[in-house]
Amino acid sequence: MTQAPRPSAIPGYDDWPAYVRRHPRHQASHAPGQELSDALDVPGLSAPSAVTVHWEETYDGATTSQLSWQLGFGPRSTGWLVRPAGGTGPLPGILALHCHGGNKFGGADRLVDLPEAHPSAAAARAGHYDGRALATDIARRGFAVLAHDSFAWGSRRFDLSTPPWRTGAAAAARQAQWREDGVVPSDADEYNAAAAFHEDTVAKAAGLLGTSLAGMVAHDDLAALDILAALPGVDSGRLGCIGFSGGGGRSLALAALSPRVRAAVVACMMTTFESLLPAYLDAHSWLLQTPGLWKLGDWPELTGKSAAARFLVQYALADELFPEDGMRTAHRLLEALHSGTDTYTGRFWPGGHIFTAGMQDEAIDFLAETLAA
């Protein structure tokens with residue numbers, strides 16, 4: 001009896017292994033950045049395909065363009081470029097990095113004010129961003145902002161319509177629970193439930209290939225930074241990045257990997273590794289917990305690997321994902337590490353794990369001051 005073929009464990013990314021073999025290691029332009037690249041095992045970049053502009057619309061003080069490009073493996077990447085309406089360049093450029101949020105059905109669409117937003121993007125914005133479209137708000141302050149879907153999110157998500165075995169079994173159990181509870185899940189709910197289980201498989205595959213989930217996300221972020229720097233009307237000498245939660249971790253990593261970044265905002269993503277053990281470890285995804293990363297130094301120490309960046313780190317005192325003592329210890333480490341310079345600003349805010357309107361306003365002011373928007 002012939003066995004049915006097993007479904008791919010990396011559906012939509014069957015060309016990923018060959019890509020990593022051809023591009024085994026990203027070469028950073030400075031030694032500290034290379035240390036992080038080696039720790040995350042970031043693959044080298046191939047030149048992305050030409051950027052395609054699909055549409056452009058101006059409304060409510062901002063001009064938004066939908067872009068896409070091909071990175072050489074997996075599905076095509078979608079991004080949105082947002083600029084002030086009527087603004088003239090060159091403008092400082094910001095890479096807006098979406099959070100993890102347990103929502104891989106969508107990606108950067110949660111950061112952009114779009115004519116027709118998917119309900120999952122609206123839900124992510126309401127739950128994590130105080131209902132605001134972060135990238136669009138930054139653009140209105142005089143920036144060119146690129147918000148892109150990174151590896152495993154949105155346009156770059158895995159095709160789980162025929163899930164691999166473990167993911168399929170776990171997703172079936174979740175669907176049975178929904179039926180028992182009388183819940184009718186949306187397409188995004190179903191995908192995100194499967195993707196939550198599938199992240200372990202993605203991390204396993206990345207490790208087998210000699211990379212990591214965080215390394216693959218950094219790969220996509222480095223490519224997007226190069227694309228932003230090359231866009232018409234963008235001042236490549238005035239670039240920054242901003243992110244909340246998982247996006248804040250991406251912001252920190254990108255600033256350490258690339259000296260192009262002159263200003264970085266890390267919101268609700270700073271603590272010490274030790275403070276995560278043992279009670280907070282399970283609160284975080286593979287995006288933070290790369291095997292062996294601690295050997296490179298503690299999480300706050302990554303700021304010292306940035307060649308030129310100024311950092312604004314925002315802490316939420318009632319953050320459910322980080323203990324307060326871990327955040328305060330990280331703050332003290334950062335103050336000592338950046339003593340005598342203006343390269344670190346730390347701010348403590350009340351409330352839980354959310355990028356509030358007040359925090360966003362502070363972050364945009366910081367970017368405007370640092371990059372002279």
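Worth pointing out:
- Listed values [x] 19.5; [y] 18.5; [z] 24.4, entry calculated as mean projected area of the Cα convex hull in nm²: [x]
- Projecting the Cα atoms of 326, 313, 337 onto the charge dipole of the range 297-337, computed from C-beta unit charges around the Cα centre, puts 337 farthest toward the positive end.
- Pairs of alpha carbons in the range 105-259 whose separation is greater than 25 Å (percent): 39 percent
- Put 295, 305, 204 in order of accessible area, highest first, and with a 1.4 Å probe you get 295, 204, 305.
- Using 0.36 nm per residue and subtracting the Cα-Cα separation, the extra length available between residue 337 and residue 49 on full extension is 99.7 nm.
- Sulfur and carbon atoms: percent of accessible area, the range 164-208 [1.4 Å]: 55 percent
- Heavy-atom surface of the range 1-117, accessible at 1.4 Å and reported per residue (Å²): 45 Å²
- In summary, the aspartates and glutamates within cross-link reach of residue 305, defined as a Cα separation below 14 angstrom excluding same-chain residues under 8 places away, comprise 35, 38.
- DSSP-defined antiparallel bridges as percent of all bridges, the chain, nearest 5: 40 percent
- For the range 262-288 versus the range 1-76, the inter-centroid distance based on Cα atoms is 24 Å.
- Calculated FRET efficiency for the pair residue 308/residue 178, C-beta based, R₀ 41 Å, to 0.05: 0.25
- Student exercise, the chain dipole from Lys, Arg, Asp, Glu Cβ charges, in Debye to nearest 20: 800 debye
- Percent accessible area from carbon and sulfur atoms, the range 228-373, protein chains only, probe 1.4 Å: 54 percent
- For the range 40-79, the carbon plus sulfur part of the accessible surface works out to 51%, probe radius 1.4 Å.
The values are calculated or read from the model by the stated rules, or taken from the named source; none is laboratory data. Because the structure is a prediction, the values reported are computed rather than measured. We place every Cβ from the backbone using ideal geometry, glycine too, and count neighbours over all the protein chains shown. Areas reflect the complete protein model, heavy atoms only, side chains present, ligands, DNA and RNA absent. Shrake-Rupley method; radii C 1.70, N 1.55, O 1.52, S 1.80 Å.
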